[in-house]
Amino acid sequence: MSAAPDVPSALSGSAARTAVTAAVAAGLGVLAWWLLRLGAHDATLVRWECFAGTCATDDFAGAAPVLGGIALLATAAVAWPVARRATPGLAAVLGSGALLTGWSAAVSDGLTTDQAVRRPVLIAALVLALGLVAALWGGVRTLRDAGGLLRLRGRTGTWARVQDYESVPGPVVGATVHFDDARGVRHAVRTRVPRAAFAHPPRAYYDPERPDDPQRLAVVVPPPPLTAAARRARERAVRGLLPLPDDDLAGGDAAGAARGPDRAGAGEPGRRASGAAAAGGARPSGGASVVDALERLQALRATGALSEEEYVAAKARVLGG
């Protein structure tokens, strides 16, 4: 029995990279908290000088709220690859919490009164509550998208590829999921998958005891990388990790990679994939006529199921026998 293949670096999550990202986001978050709290606490101590409709101050506390807002945005940008959907809610909690603590400390130190800060405190408290709800909802969604909830239920996750899907409307369609289990055994299971699985490489979460059970197989689409280069690298890595017999159809591996998940999932996913498969099937065998095969390819090109490059490559294969 073959061993499971090594996972390419483009697919393996780096714990060190995640830890560094989280540490940087935490550092920026502390800075944003301090700046926003300072601005809220020392607001009444700042002395402004106004001239010709423009006001300025040399007190650092006067610029603290703006700098704090910039640091908060930077925190959210850095934290996004880790926190994903929970990021907006966490940023709202961080910012509103810093302002509330600053105003509370200002009241305690006698720098302002409860009456003076009542309205901003109520607004910040509302933002804090909404942020907590958004962070909780986003956290659950992020865990679901990353397969965390499925792992808690004892499922084993691995990268997968999908083929032979139904060309029907809706966010979920029937398709065949191809994946290798932990022992390196290939499985092809017919089940329901998210339509996004044809735009980005999915992960299959299966029951180690019954990997071929469609009722215990779940397919999720992890959040794609932020850069186009990283997305392409992931797609190529998944194709290399899970080669399928049809990969060399319609123009070889290069053409197959070009029409991979990014193009197959755009607009009409079923149309592109079925067209590519039909292009491979257009190669005559036995009593099939070359003329019939060429007519079939022309029909596929006319409907847009094949690009010009795929048509030319498939035609060359047909004529080459």
message = Which three extents, in angstrom, do the Cα atoms of the stretch 180-251 have along their principal axes, listed largest first?
response = 37, 28, 22
query = Which net charge results for the neighbourhood of Val78, defined as the other residues with beta-carbon distances under 13 angstrom from its beta-carbon, given Lys and Arg at +1 and Asp and Glu at -1?
reply = +2
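If you take every residue apart from Gly139 with its C-beta less than 14 Å away from the C-beta of Gly139, what net charge results, scoring Lys and Arg +1 and Asp and Glu -1?
Local net charge: +3.
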ask   = Given a cut-off of 19 Å, what percent of all Cα-Cα pairs of the stretch 111-255 lie beyond it?
value = 63 percent
key: Ala19-Ile70 pseudo-label distance in nm [points 7 Å out on the Cα-to-Cβ vector]   = 3.2 nm
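For Asp207 and Ala188 in one chain, what is 0.36 nm times their gap in residues minus the Cα-Cα distance, to one decimal in nm?
Values: separation 19, 0.36 × 19 = 6.84 nm, distance 1.40 nm.
Full extension of this stretch gives 5.4 nm more.
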inquiry  = Per residue of the stretch 96-111, what does 6.51 cos²θ - 1.76 cosθ + 1.60 with θ = phi - 60° give for ³J(HN,Hα)? Whole Hz please, x for Gly and Pro, Karplus curve as stated.
reply    = 5, x, 5, 5, 4, 5, x, 5, 4, 5, 5, 5, 5, 8, x, 7
message = Can you give the local net charge around Trp48? Use residues other than it whose beta-carbon is closer than 13 angstrom to its beta-carbon, Lys and Arg +1, Asp and Glu -1.
response = -3
note = Whole-Hz Karplus couplings 3J(HN,Hα) for the stretch 204-210, θ = phi - 60° and coefficients 6.51, -1.76, 1.60, Gly and Pro as x, run 9, 10, 10, 7, x, 7, 9
inquiry  = If packing is taken as the average number of other Cβ atoms within 10 Å across a peptide's residues, how do 193-202, 30-39 rank, most packed first?
reply    = 193-202, 30-39
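A short reminder: the numbers here are calculations on the coordinates, not readings from a lab. No experiment lies behind these values; they were computed from the predicted model shown. Heads up, the Cβs are rebuilt from the backbone with ideal geometry, glycines too, and the neighbour counts pull from every protein chain shown.
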